[in-house]
Amino acid sequence: MPKSPKKATPSVDASEEIVQWVVKGMQEKKAQEIVVMDLRGVTNAFTDFFVICSGTSDTQIEAIADSVDKEVWESGKIHVHAMEGKANREWILMDYYDVIVHVFLKEKRTFFKLEELWGDAVFTNIPD
């Protein structure tokens, strides 16, 4: 009986590299409270990493998201798979499959508390 084909999955190194590009894009626009959450050891996690940051205005939120998208494209030629929330500019979610990016207004981040929902993740705080 022939073996079924294996799913092609990017290597862990690839997702870690995307995280580096995302963080660089966030830092370019002075994002605050950047946190990388490694979900690879979390049961039922649907992605390898969350990268979360805050901004102080809707204009900054949009600028951060644009900077992340530009950095990931220029560094790795990877297009964002899906982007949500750009119209209301309170919480922009960017899906790079193995890396999910959350760009929040400070108040929305405090309200949704994603870090508490995924408390089993390994957290890395990036200095401002």
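Taken together, the values in this text are just the output of simple stated rules run on the coordinates, not laboratory data. None of the values given here were measured: they were computed from a predicted structure. Neighbour counts run over all protein chains shown; Cβ positions are idealised from the backbone, glycine included.
Some notes on this structure:
- In the range 34-61, the residues that are within 11 Å of W118 (Cβ to Cβ) and in contact (Cβ under 8 Å) with a residue 40 or more places away in the chain reach residues that are part of a loop (DSSP other than H, G, I, E, B) and small (G, A, S) with C-beta atoms within less than 7 angstrom, at least six apart or across chains, in these pairs: M37/A121; D38/A121; L39/A45; L39/A121; V42/A121.
- Close pairs (6 angstrom Cβ cut-off, 6 or more residues apart or separate chains): under 15 Å from V23 (Cβ atoms) in the range 117-128, surrounded by 10 or more Cβ atoms within 10 Å (Cβ to Cβ) and of a type in the set (S, T, N, Q) anywhere: D128/Q32
- Among the residues of the range 95-128, the ones that are in contact with a strand residue (DSSP E or B) (Cβ under 6 Å, 6 or more places away or on another chain), crowded, with 18+ Cβ neighbours inside 10 Å and farther than 14 Å from S54 by Cα come to 3 in all.
- Within the range 49-64, the set of residues being surrounded by 24 or more Cβ atoms within 10 Å (Cβ to Cβ) and more than 10 Å from the chain's Cα centre (by Cα) comprises G55, I61, I64.
- Selected residue (criterion: surrounded by the most Cβ atoms within 10 Å (Cβ to Cβ)) from residues of the range 24-46 that are under 11 Å from the mean Cα position of the chain (by Cα), of a type in the set (A, V, I, L, M) and more than 19 Å from H79 (Cβ to Cβ): M37
- Odd one out for T110 among (1) within 19 Å of V36 (Cα to Cα); (2) over 12 Å from the mean Cα position of the chain (by Cα); (3) touching a residue at least 12 places away in the same chain (Cβ under 8 Å): (3)
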